[in-house]
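The values are calculated or read from the model by the stated rules, or taken from the named source; none is laboratory data. No experiment lies behind these values; they were computed from the predicted model shown. Methodologically, a virtual Cβ is constructed for each residue, glycine included, from the backbone with ideal geometry; neighbour enumeration extends over all protein chains shown. Remember, those area values only see protein heavy atoms, side chains included, never the ligands or the DNA or RNA. Shrake-Rupley method; radii C 1.70, N 1.55, O 1.52, S 1.80 Å.
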Amino acid sequence: MMTLYSNILESISKGKKLLAVLIDPDKMHESHIEAFMKKVNDSIATHIFLGGSILKHGNIEKTAKLLKSYTELPIVLFPGDESQLTDHADGLLFLSLISGRNPDYLIDKHVKAVSQLQSLSLEVIPTGYILIENGIETAVERVSKTKPIARQDLELIVNTAKAGEYLGMKLIYLEAGSGAKHPIDYEIIQKVKSEIQIPLIVGGGIRSKEQLQTAYSAGADLVVIGTAFEQDLSFFNHLKRQTTY
Ligand code: 1GP
């Protein structure tokens, strides 16, 4: 079943913008989940993304189970590696870090995930993951040991996204990195969106409603926000469900 992906396509065809709240089990204490999810449920969020570059003490399975008990929103795994898989989620962004040249993150971790995936009922969504330089080194760069693409190199960014689409990926994710200083530029989003036919995800460093709207108006179909919600629950108050874009 391809419910998750077809729902994304359907929303886009209706002109609806999507918002994923990213939850890193390392940063979210179990005792905070109920209150946090109440805020999420009252907001315009449409998806929960779950995962982190590396997990030290967090538990994906336990967190996914808890999240499910508090929300109807689809839970999509956004894993740093093959250890972050669970059947308690609805789907998986099968991320290939196509901005980098480290085979581990291009294909190796994927091969290692297969036997586990065969025993799970997750909807697997192949996703071209493109890391763009944002002013500071982020966890993805450190953990993957790859260099992000320079923000100024629009041609390389666009060609990387196009290559991902030609390879059959179903989503392109432009990532500035968690806690990024500069979210992905308007021009980058606009140009990539105009060159690809598949849905475009944008994330990293988005901390205000204005930045969210900028990403949407540039052409992002789905925006991912983690840090801003982790640091300040009141951010949700600006994104209450009746808000329209
Ligand atoms: C990180 O794109 C996501 O992978 C979200 O980034 O935590 O900066 O919102 P932030």
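In the set (1) in a helix (DSSP H, G or I); (2) in contact (Cβ under 8 Å) with a residue 24 or more places away in the chain, the condition left unmet by G100 is number (1). Which condition breaks for P148 when tested against (1) out of contact with any Lys or Arg (no Cβ under 7 Å at 6 or more places or on another chain); (2) within 27 Å of T86 (Cβ to Cβ); (3) within 14 Å of the ligand (Cβ to nearest atom)? So P148 meets the others, but not (2).
In region 67-74 there is no residue that is within 16 Å of the ligand (Cβ to nearest atom) and not charged (D, E, K, R).
Considering each residue of region 119-131 in turn, none proves to be closer than 24 Å to I23 by Cα, at pLDDT below 95 and open to solvent by less than 20 Å² (accessible area, probe 1.4 Å).
Residues that are at pLDDT 95 or above, under 27 Å from E165 (Cα atoms) and not small (G, A, S) number at least 3 in the following helices (runs of 4 or more DSSP H) confined to region 2-97: 3-13. Counting only residues that are touching a strand residue (DSSP E or B) at 6+ places or on another chain (Cβ under 9 Å), in a helix (DSSP H, G or I) and of a type in the set (V, I, T), region 105-126 holds 1 of them.
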